[in-house]
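The values are calculated or read from the model by the stated rules, or taken from the named source; none is laboratory data. Since the structure is predicted, the reported quantities are computational estimates derived from the model, not experimental observations. Note that we place each Cβ from the backbone using ideal geometry, even for glycine, and neighbour counts take in every protein chain shown.
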Amino acid sequence: MIEMSWPQVSARRLERAGLGAGRPATGTGLATVEGPAEGPVEGPVEGPVEDIVAAMCGAHAQVMSAAEASIGLRADGVTRAHVRAALWGEGRSLVKTHGPRGTVHLLPARDLPMWVSAMSSLPGAHTAAPKSIRMTAEQTDQVVAAIREVLAPAAMTIDELSEAVIAATGPWAGDLVMPAFQGWWPRWRMVMHVAAHRGAFVFGPVRGRKVTYTAAPELAPVTDGLGALVRRYLAAYGPATPDQFAQWAGGPVKWAAQAFSAEELEEVVFEGKRAWVLAGDTEVPADPPRGVRLLPYFDAYVVAGRPRELLYPGAAAARALNGGQAGNFPVLLVDGVVGGVWHQRRSGSKIDITVEPLGDLTAAQLRELDEQVDRVGEVMEGRPRLTIGPVTVGGHA
């Protein structure tokens, strides 16, 4: 059985994520992934932005500026304008919707059928809500059908959508039972992520300062989306276990284990423990990971990166993890592991970037850090200024 060390796996993942020392300049050369309908896809299909997001297995977009930075920092020349054009421009090659763990992500539009097939296969989620306010499976189906129907002709704000869903399903859907932001949301919103996972809607363009929702694009359905997602995930973040895939996707371990068992996988020994890769996909780079990288809030690399104790060694776990959760702090990667945190504050075109390393950086690493700061400025279309010192801002909720 092939054995893999952490430095080998770290270098492999960084290279496939477009974060390695010799990262591609145009989005090509990222992880070879399997498309939802037509077999292997290597390199850009509709352009570098879509290819980067596909290789990431989605870009977390609860904080849109962080999603733009995540994508742009993986390919020279890509800026937030490219991401916005892909998301809202003609053709809409990216979509914004609820992805793994029910959280908001940017996904390639071409992959949406795969994601819908995979995420809709999740068993009914456990909820800690009292039984008296939970929705039945029948009520969930009614809400999903109502969202799909009312959004078909137009985009709606959340208030417009809520009114339409309640009118289509009944007053029970409007009961204010869901705690949210020091207030209460109507019952139907408990399953909004389920509706997205079933392909009932995606996010639409912002109307003023209000988010809108619109019908998902019509694309050919996929039957084996979960298998395709497992292959995509392992290509990017393997070796991995069903438990780790379950944590990343937001599903039960049994569901993940069944998905793994249906694929042609190869068992390896990763740092003394059993893990799996795609059959035959055991190649690792010759050199250990090198380089300095700035990754924003909830970057896909750290959210999917496990084991946590290897990616966040020693003091990094206490400083950059929030109760074991990755992504709440933007992180400084040094030679493949978290070596600090950082924060940016924007005022007009000025971007003040504070980086707090957890150890001394060499002269070469400081030069790389300067380059990364300049690159953040290019991606976010601003004028950056670096300060090395303590980051006083807490983790993002």
Next item on the list: For segment 326-335, state whether one or more residues are free of Cβ contacts under 8 Å to residues at least 40 places away in the same chain, out of contact with any Pro (no Cβ under 8 Å at 6 or more places or on another chain) and not charged (D, E, K, R).
Entry: yes
Check: Which residue, of SER65, SER10, SER5, is among the polar types (S, T, N, Q), modelled with pLDDT of 95 or more and surrounded by 19 or more Cβ atoms within 10 Å (Cβ to Cβ)?
Finding: SER10
Next item on the list: Run down PRO285, PRO296, PRO289 and say which single residue is closer than 30 Å to GLU371 by Cβ, in contact with a helix residue (DSSP H, G or I) (Cβ under 6 Å, 6 or more places away or on another chain) and surrounded by fewer than 21 Cβ atoms within 10 Å (Cβ to Cβ).
Entry: PRO285
Check: Filter segment 228-254 for residues that are more than 13 Å from the chain's Cα centre (by Cα) and small (Gly, Ala, Ser); which is farthest from LEU310 (Cα to Cα)?
Finding: ALA228
Checklist line | Extreme residue, farthest from the chain's Cα centre (by Cα), among residues of segment 315-326 that are surrounded by 13 or more Cβ atoms within 10 Å (Cβ to Cβ) and either small (Gly, Ala, Ser) or part of a strand (DSSP E or B) (or both) | finding: ALA315
Check: Could you say which residue among VAL334, VAL338, VAL379 is out of contact with any strand residue (DSSP E or B) (no Cβ under 7 Å at 6 or more places or on another chain), crowded, with 22+ Cβ neighbours inside 10 Å and β-branched (Val, Ile, Thr)?
Finding: VAL379
Next item on the list: Within segment 66-105, work out how many residues are of a type outside the set (Gly, Ala, Ser) and part of a loop (DSSP other than H, G, I, E, B).
Entry: 8
Note to self: When the residues of segment 142-185 are narrowed to those that are of a type in the set (D, E, K, R) and surrounded by fewer than 16 Cβ atoms within 10 Å (Cβ to Cβ), which ends up farthest from LYS96 (Cα to Cα)?
What the structure shows: ASP175
Notebook entry, point to check: Could we say that LEU219 is buried (at least 19 other Cβ atoms within 10 Å of the Cβ) and of a type outside the set (Ser, Thr, Tyr) here?
Noted result: no
Notebook entry, point to check: Do we find a residue being without any contact (Cβ under 8 Å) to a residue 12 or more places away in the chain and acidic (Asp, Glu) anywhere in segment 87-98?
Noted result: yes
Note to self: If PRO113 meets every condition in (1) assigned to a helix (DSSP H, G or I); (2) surrounded by fewer than 18 Cβ atoms within 10 Å (Cβ to Cβ); (3) not β-branched (Val, Ile, Thr) apart from one, which number is that one?
What the structure shows: (2)
Notebook entry, point to check: Of PRO205, PRO242, PRO252, which residue is in contact (Cβ under 8 Å) with a residue 60 or more places away in the chain, assigned by TED's automatic domain parsing to the domain that holds MET56 and either aromatic (Phe, Trp, Tyr) or under 26 Å from GLY327 (Cα atoms) (or both)?
Noted result: PRO252
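Matching residues to (1) in a helix (DSSP H, G or I); (2) in contact with a Phe, Trp or Tyr (Cβ under 9 Å, 6 or more places away or on another chain); (3) without any contact (Cβ under 8 Å) to a residue 12 or more places away in the chain:
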position: ILE166; (1), (2), (3): yes, yes, no
position: TRP184; (1), (2), (3): no, no, yes
position: VAL191; (1), (2), (3): yes, no, no
position: ALA195; (1), (2), (3): yes, yes, no
position: TYR233; (1), (2), (3): yes, yes, no
position: PHE260; (1), (2), (3): yes, yes, no
position: ARG274; (1), (2), (3): no, no, no
